[in-house]
Structure formats: structure tokens, C-alpha cells
Amino acid sequence: MTDIAPPAPPSRLLSLLRQIGTTVFTLLVTFIGLLAVTFVISRVVPIDPIMSILGERATNAQIEETREKLGLNEPLWVQFGIYVGNTLQGDLGTSIRTREPVLDEVATRFPATLELATLATLLGVLVGVPAGVIAATKPGSFFDQFVRLVALMGYSMPIFWLGLMGLLLFYGHLGWVGGPGRLDASYQMMMEFELTQYTGMIMVDTALNGRWDMFANAFSHIILPASLLAYISMAYISRMTRSFMMNELGQEYITTARVKGMPERRVIWVHALKNVMVPLITVIALSYAYLLEGAVLTETIFAWPGLGSYITDALLVADMPAVLGGTVVVGLAYIGLNMLSDLLYKLVDPRARV
């Protein structure tokens, strides 16, 4: 009797294609859900988009013509389909305030927020992760208590108060940093005519152009708001790192490694830290996403022309296309960071590649 061979396991290529398909489907559903939320918001807010566009003196004929042109006479499901189609084509609408395409304005503002949030996250990670690891290895010590106190203060202090005090001390009295804005006025004029802009992030562009004087000026302006945001990020990252490490250091494999005589530094900084990197990646990604959309007060205090201040200014004048367009971009940033986290999981933890 001939033995029947067991079915062949699925190939690695098929598994990879299945994972890619699942990821793409999840991203698509999430994006459609994001558009559905913004669409509902645009319909329930007590603001008439027609009156915002035409003004209060518009005639009935003008109102009906504009309503027909925008498709507002169609059923809601048709309006949502039009909204999704326009968004997928990169059409986020036209700003009521400036009469410019929202996508163009967001593309101009987003690099400023990206630069600020990226530098703040890097500083928060460089300080927060080592502080959390060291605090976890010495529970109850003076350093542990100090880290916990600093983290608690970071959670408790209002960011706008820290910003005002920072400007008063480091800019007003000591003169150590630049004032509000991204550059001094003289450099701002030079940037528009003499600097080739590759990314919209001033520190990157000035470095690529070899304008180190402008780079230093940009750094003097960004370092204070970035440090304040980094403090908030560091408080969260250090607290979570400490919690993850204390749980990991109580595992049996850590005890076994110590019994075998493995150096303590290697036990902590290689084996234990490697195993907390997966949840820590999520913490860092969430912190980064928060800074991308939650730096509104900081951008307002420091006159930072980023996405947060753009959405705030649009809200104050009921410019709903600008508000919703900025919200969609922030949502896409969250989706992108989640996807990046999943990719990093697979690089850090081989078990996630299965």
C-alpha cells in the first residue's frame, strides 16, 4: 500500500503574500474608517459650508448653485463616495480662509511639525530609555526615585506654562536660544531666495546646502520647543521602560544567565533590553504620533508654523476643509507609524516573522 505523503506546508512566498494582503486590507479599512469619521464630523458640526464659502449676503440662486456644484444635494452615501474619491486623488478641498488647496498648505506646514516632533522624540528616547533601564535595575534607590519624580512632573506640568517659562528664562533673560519662529527674520528672507529646499525641514535643508550659519540659527530656534516636547516624551518613555524592564528582570532566563556568571551589563543591556524592545517600539511610536498631532500649544507659544497651529487657526475661523484635511493627514501619520511598528517588530523579534 502506497503511503500518502502529507500535504506540503505553504511556501514562504505564499505566507509573505498573505501577510502583505492582510496588511494592505487592514490599512485600507482603517483609512476608510478615518474618512468616515471626518465625513460625519463635517456633517454634524453646526457650520454651514455654503455660508462659509459665499458669506451671509449670498443669494438663494448662488447658494443652490454652489450646493449643486459641491454635490451637497446628493444622498449622504453618494456624498461620502465623492469625498473618498477626491481624497484618494489627493484633493482635500479648498481652504475657505485662503482659497488655496488644503493639500498644498498642509504639505507646506507638515515638514515643520515633522522636524520638531522627530528631534523631540530622538531626545526623549536617548534620555528616557537609559533612565528607565537604570531605574529598573536599582528599584527604590535615589536614582529610581528621581526618575519617577521627573516623570511625574512631566505628566503634571502644563506644556504651555513650561513653554512660557522657558522663553522667559532661556530667551528673555539668558539669551541662550533663539526666539519664536523657525529662523531669525534676516535668515528667513535669505532662505526664500538663497536656499534650495529639498525636504522643507530647515535643519536638513541647510545642512544639505552647506549653510552652517543658517543651520546654527535654526538649531537655536528649535532646541527649546524640542526639549520641552522631549521632556513630555521622556517622562512617558522612561516610565514604561522601567515597568517593562522590572518585569523582564524577574524572568527565569535572567536568573539563569546570572547564575552562569554572565556579566551583569550584558544581562541587562543585551538580553533583557532586547526582549522589551517589542513593547517599547509601540510606546515610542505612540509618543511620536502624539507629538505629530498634539504639539498645538507648543507650536502656538513658539509661533512654530506647523500642522498643529494650522489646524488651530483654521478652527478659529471655522475653516472646516482645512481642519478636516489636517485631521486626515494626522490620521495617515498614525496609520503609517503603526505599519512601521509592525515592520520593526519583525526585525526585532524573529517570532513575529512567522
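The values are calculated or read from the model by the stated rules, or taken from the named source; none is laboratory data. In this text the structure is predicted, and so the values were computed from the model without any measurement. A quick note on method: Cβ atoms are made from the backbone with ideal geometry, for glycine too, and the neighbour counts reach across all protein chains shown.
Per-residue answers, yes or no, for (1) modelled with pLDDT of 70 or more; (2) under 26 Å from Ile311 (Cα atoms):
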residue	(1), (2)
Thr22	yes, no
Phe31	yes, yes
Leu34	yes, yes
Phe39	yes, yes
Gly55	no, yes
Val78	yes, no
How many of the residues making up segment 84-131 are of a type outside the set (A, V, I, L, M, F, W, C) and in a helix (DSSP H, G or I)? 15
Which condition from (1) modelled with pLDDT of 85 or more; (2) crowded, with 19+ Cβ neighbours inside 10 Å is the one that Met320 breaks? (1)
Which numbered condition Val270 misses (of (1) within 16 Å of the chain's Cα centre (by Cα); (2) modelled with pLDDT under 85): (1)
Identify the residue in segment 169-198 that is under 17 Å from Ala226 (Cβ atoms) and not aliphatic (A, V, I, L, M) and, among all such residues, is surrounded by the fewest Cβ atoms within 10 Å (Cβ to Cβ). Trp176
Ser95 is checked against (1) closer than 26 Å to Ser287 by Cα; (2) surrounded by 14 or more Cβ atoms within 10 Å (Cβ to Cβ); (3) in contact with an Asp or Glu (Cβ under 9 Å, 6 or more places away or on another chain) and fails just one. What number does that condition carry? (1)
Does segment 228-254 hold any residues that are among the polar types (S, T, N, Q) and not in a helix (DSSP H, G or I), and which are they? Gln251
Determine the pairs where a residue that is of a type in the set (Asp, Glu), located within segment 164-184, has a partner that is surrounded by 13 or more Cβ atoms within 10 Å (Cβ to Cβ) with Cβ atoms under 9 Å apart, the partner being 6 or more residues away or on another chain. Asp184/Gly178; Asp184/Asn217; Asp184/Ser220; Asp184/His221
Against the definition (modelled with pLDDT under 75 and β-branched (Val, Ile, Thr)), how does Ile82 come out, yes or no? no
